[in-house]
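Undergrad: Before I ask anything, let me first share the structure, which is written out below as structure tokens.
The values are calculated or read from the model by the stated rules, or taken from the named source; none is laboratory data. What you see is a predicted model; the values in this text were computed from it and never measured. Methodologically, a virtual Cβ is constructed for each residue, glycine included, from the backbone with ideal geometry; neighbour enumeration extends over all protein chains shown. When the accessible area is computed, the model is the full protein with side chains, heavy atoms only, and any ligands, DNA or RNA have been set aside. Shrake-Rupley method; radii C 1.70, N 1.55, O 1.52, S 1.80 Å.
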Amino acid sequence: MRSALTAGLERLALPLPDERVEALLSFGAAVLEKNKVMNLTAITDPEQAAELHLVDSLTLLKVLPLGGKSLLDVGTGAGFPGVPLKLAEPSLRLTLLDSLQKRMRWLEDEALPALGVEARFLAGRAEDFARENREKFDVVTSRAVARLGLLCELCLPFVHRGGYFLAMKGALAKEELHEAANAIRLLGGSYERTEEFEIGGAVHSVLVIHKTGKTPEQYPRSWARMKQKPL
Ligand code: SAM
């Protein structure tokens, strides 16, 4: 895992102090260990986990300066991209959100305390937390949770005006962006740019969406409604 992480950090031109590299490796190892008894990831090879989970998450540090920012990771699963970002940039104020209680309990009770890392944990559905956490975050991130249009309805309500939503996407980013153009505008967002990274031999895209307006109060709707009538 170490050589793949080191190579990835070099490729990203992201030098990190040794103790942060060690913390990233410890977290990567903890995910793979827990994965033996709890379904956390389909990736079991340590080199692949370093590239596809750790390095992929860290690309966001090349997209926006995240030091000191409040960041919410929606649908964090086993902690990606939120936890690697916090380990690489400890001044980040991290909140993790996922509807799967088991994964959240593992992060809150075991994985993060073992690393001495502080974070806030929201265990439940994003659409249910949006009211009390509306427009509260500088940055919201999300990877592998839903198609972009739905994801924007889940994530943009949490971003304050002037903040950013970073959507981590794969090969279909352009198509998803086209499909989500109306949703982004309706929800108070403005597409700014796409940054591409080569990860594990494939192109990964980060869509940078600036929150320029206010999200109307009626969003997010219920999940069933969102799916039935996408914006
Ligand atoms: N972001 C992680 C990653 O890239 O490794 C996890 C991706 S996993 C495929 C999708 C996660 O999103 C699951 O853990 C699921 O519970 C969560 N999720 C899906 N819809 C959600 C919602 N509406 N609110 C909260 N979590 C959600």
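Undergrad: Kirkwood hydrodynamic radius for the range 168-227: how many Å is it when counted over pairs of different Cα atoms?
TA: On the way: mean 1/r = 0.0775 Å⁻¹.
So the Kirkwood estimate lands at 12.9 Å.
Undergrad: Over the range 125-231, with every protein chain in place, what whole percent of the accessible area is carbon and sulfur at 1.4 Å, could you tell me?
TA: Details: 2620 of 5040 Å².
It is 52 percent, rounded to a whole number.
Undergrad: Could you work out the relative contact order of the range 125-231, using alpha carbon pairs under 8 angstrom and six or more residues apart, expressed as a whole percent?
TA: Numbers: 202 pairs, mean separation 32.7, N = 107.
Relative contact order of the range 125-231: 31 percent.
Undergrad: Taking a 21 Å limit on the Cα-Cα distance, which of the listed pairs Lys136/Lys211; Lys36/Lys102; Lys102/Lys136; Lys36/Lys86; Lys169/Lys227; Lys34/Lys136 fall beyond it?
TA: Pairs exceeding the cut-off: Lys102/Lys136; Lys36/Lys86; Lys34/Lys136.
Undergrad: Another one. Over the range 1-73, what portion of Cα pair distances is larger than 18 Å, expressed as a whole percent?
TA: Values: 1088 of 2628 pairs.
Percentage above 18 Å: 41.
Undergrad: Relative contact order, percent, of the range 16-151 when contacts are C-alpha pairs under 8 Å separated by at least 6 residues?
TA: On the way: 186 pairs, mean separation 33.5, N = 136.
Normalised by residue count, the contact order of the range 16-151 is 25 percent.
Undergrad: Among Ala88, Val74, Val55, flag the residue with its Cα farthest along the positive direction of the charge dipole of the range 48-99, charges on Cβ as +1 for Lys/Arg and -1 for Asp/Glu.
TA: Ala88
Undergrad: In percent, what relative contact order does the chain have, based on Cα pairs under 8 Å that are 6 or more apart in sequence? Provide the component values of the computation, followed by the final result.
TA: Values: 426 pairs, mean separation 36.8, N = 231.
About 16 percent, as a whole number.
Undergrad: Still on this model: Within 10 Å, count the other beta carbons around each residue, average over each peptide in 105-115, 148-158, 9-19, and list them highest first.
TA: On the way: 105-115: 16.5, 148-158: 25.6, 9-19: 12.1.
So the peptides 105-115, 148-158, 9-19, ranked by packing, come out 148-158, 105-115, 9-19.
Undergrad: Residue by residue through the range 216-224, what is 3J(HN,Hα) from phi via Karplus (6.51 cos²θ - 1.76 cosθ + 1.60, θ = phi - 60°)? Round to whole Hz and write x for glycine and proline.
TA: x, 4, 6, 10, x, 7, 5, 4, 4
Undergrad: Once the Cα atoms of helix 18-34 and of the chain are each reduced to a long axis, what angle between those two axes, in degrees from 0 to 90 to the nearest 10, is obtained?
TA: 80 degrees
Undergrad: Give me the tail of P(r) for the range 125-231 as a percent: Cα-Cα pairs with distance above 22 Å. Display every interim value, and only then the final one.
TA: On the way: 1361 of 5671 pairs.
Summing the P(r) of the range 125-231 above 22 Å gives 24 percent of all pairs.
Undergrad: Can you give the translational diffusion coefficient of the range 8-152 in µm²/s, computed by Stokes-Einstein from the Kirkwood radius over Cα pairs at 10 °C and 1.306 mPa s?
TA: Working: Rh = 15.4 Å.
Diffusion coefficient, whole number: 103 µm²/s.
Undergrad: Where only protein heavy atoms count, and the probe is 1.4 Å, what is the accessible area per residue for the range 17-93 in Å²?
TA: On the way: 2800 Å² over 77 residues.
It amounts to 36 Å² per residue over the range 17-93.
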